[in-house]
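Each reported figure results from applying straightforward, stated rules to the coordinates on display, with no laboratory input. None of these values were measured; they are calculated from a predicted model. Cβ atoms come from the backbone with ideal geometry, glycine included; neighbour counts cover every protein chain shown.
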Amino acid sequence: MDLILRNARIRGHDKNVDIAVNDGLITKIAPKITTRPRQVIDCAGKLVSPPFTDIHVHLDAVLTVGQPRFNQTGTLIEGIEIWAERKKTLTFDDVKRRATLAVKWELAHGVTRIRSHVDVCDPDLTAVKTLLEVKKEFAGLVDLQLVAFPQDGIYAFPKGERLMKQAMELGCDIVGGIPHHEMTRDDGVADVKFACDLAQQFQAKLDLHIDETDDPHSRFTEVLAAETIKRGLSGRVTASHTTSMHSVDNAYAFKLIRLIKRAGLHMVTNPCDNSVLQGRFDTYPKRRGHTRVKELLAAGVNVGIGHDSIMDPWYPLGVGDPVQVAFVWIHYGQMSGATEIPQVWDMITTNPARAFGATDKTYGIIVGNPADLVLLDAETEFDALRRIAPRLLVIRNGQIVARTTPSETVLCPKGWKKEAIDFRI
Ligand code: FE2
């Protein structure tokens, strides 16, 4: 036996357990495993979680904040304009350096699956070609899915259809879209239908930026849900952002949520970006401008949280940590109830893993599954979220791939005996 994690707290077990790992797989979970392995890790009653999935990020744009200028209005549109300027200067080395660093940040935080949208509105497709290389380099450590994403529109950008197709031919995994950003409603509908056609042609999944606006008349999610049902694509389609759902009336939201459920859409919410981008045209009261997560969850829809931006023209902060993003969402989505906080943990673990394509056989702390595990410096998910607790160890296929040493804080006023301060209770 290669490894035993002793005295681990895992969800679904009343008492702490030992987890045995051999040949990269979880081979036993029991209160006390007596076999002698090559390596023992004492978890000291701390939480061991399945790894995180970042189901929505833009690795081509990461770490470009301020280049060539900062987003003064804070709007999505100014972000797109700034990115269009920065995009002209992209090189292979530039994209590779930034994307590689961001993926390393995510891995250090326990992320082993990343879905990155890649802007295809560039005649050279520089970012697509580069991220395909990054994907290869991280194989076995971080599973990377690339979405062909038409940032400037399939019809509002010259040769948009051709670029989308080229990106899929080059090796993108998933077809994207951006119907709300097309010039007309009709073009937006065409955007959705083209994406569905292309996905069927390549037998690929879909993940569209859709209805990312405060405009309640932006209603392309219903088109995507209807196409999903008519074409039998259920389970293969993700709707990202859908912030206009915040602003529609309740009767329409009721209809739409039923349609989303029937279509089996996966929904992705991006709280960091949309908390700063939405409501920018409001005076007071200001809308939160977010999709209706609680209602979607209550209807049994799969909802995951994405990071979206890490230091780019749309969102200037971030360290590639899903727990930090979930912390933001607890506030922004008002999911602070006793049963809601564990639900938020699911939104960065099991729910996005499902949208990514993981199954019960490939994901989760279950005997026979790959030993992909994250040891946190916290005893519960609640405490991990409260303190955005360090990830002490990240284990992929039974191998330790990241290690974090928690910092130590000491109170030391003059005349006091030095006192180590612990933020755990
Ligand atoms: Fe996005």
Task: Selection from LEU170, LEU141, VAL192 lying farthest towards where the dipole of the chain points positive, charges on Cβ - done: LEU141
- [ ] Give the cross-link partners of LYS418 among the aspartates and glutamates, using a straight C-alpha distance below 12 Å as the criterion and excluding same-chain residues fewer than 8 apart.
- [x] none
TODO: Work out, in µm²/s and without decimals, the Stokes-Einstein translational diffusion coefficient of the range 199-321 at 20 °C, 1.002 mPa s, Rh from Kirkwood over C-alpha pairs.
DONE: 143
Open item on the list: Highest mean first, how do 279-291, 13-25, 340-352 rank when packing is the count of other Cβ atoms within 10 Å averaged over residues?
Closed with: 340-352, 13-25, 279-291
Task: Most positive-pole-ward Cα, SER244, GLY337, PRO158, against dipole of the chain from beta carbon charges - done: GLY337
Open item on the list: I'd like to compare 105-118, 248-261: which one has the highest average count of other Cβ atoms within 10 Å, and what's the full order after that?
Closed with: 105-118, 248-261
- [ ] Take the Cα coordinates of the range 52-356, assign each an equal point scatterer, and use the Debye formula without solvent to give log10 I(q)/I(0) at q = 0.11, 0.15 Å⁻¹.
- [x] -0.58, -1.19
Open item on the list: How tilted is helix 126-137 with respect to the longest principal axis of the chain? Cα atoms for both, answer in degrees (0 to 90, nearest 10).
Closed with: 20
TODO: Can you grab the distance from the C-alpha centre of the range 114-190 to the C-alpha centre of the range 224-300, Å, no decimals?
DONE: 22
Open item on the list: Quick check: the angle from helix 322-332's long axis to the longest principal axis of the chain, C-alpha only, nearest 10 degrees?
Closed with: 70
- [ ] Report, in deg cm²/dmol and to the nearest 500, the calculated mean residue ellipticity at 222 nm for the chain, where each DSSP H run with n ≥ 4 adds -39500 (n - 2.57) and the sum is divided by the residue count.
- [x] -10000 deg cm²/dmol
- [ ] Could you please rank THR238, THR409, placing first whichever residue has the fewest other Cβ atoms within 10 Å of its Cβ?
- [x] THR409, THR238
- [ ] Highest first, please rank the peptides 191-200, 395-404, 65-74 by the mean number of other Cβ atoms sitting within 10 Å of their residues.
- [x] 191-200, 395-404, 65-74
TODO: For the chain, give the share of DSSP beta bridges that are antiparallel, in percent and rounded to the nearest 5; count only bridges with both residues there.
DONE: 40
- [ ] Calculate the dipole size of the chain relative to its Cα centre from +1 charges on Lys and Arg beta carbons and -1 charges on Asp and Glu beta carbons; express the result in debye to the nearest 20.
- [x] 1220
Task: Cross-link pairs LYS129/LYS159; LYS104/LYS414; LYS261/LYS361; LYS46/LYS96 - those with Cα-Cα distance over 30 Å - done: LYS104/LYS414; LYS46/LYS96
Open item on the list: Can you find, among ASN270, THR359, ALA84, the residue sitting farthest towards the positive end of the charge dipole of the chain, where Lys and Arg contribute +1 and Asp and Glu -1 at Cβ?
Closed with: THR359
Open item on the list: How would TRP83, TRP314, TRP416 line up from fewest to most surrounding beta-carbon atoms within 10 angstrom?
Closed with: TRP416, TRP83, TRP314
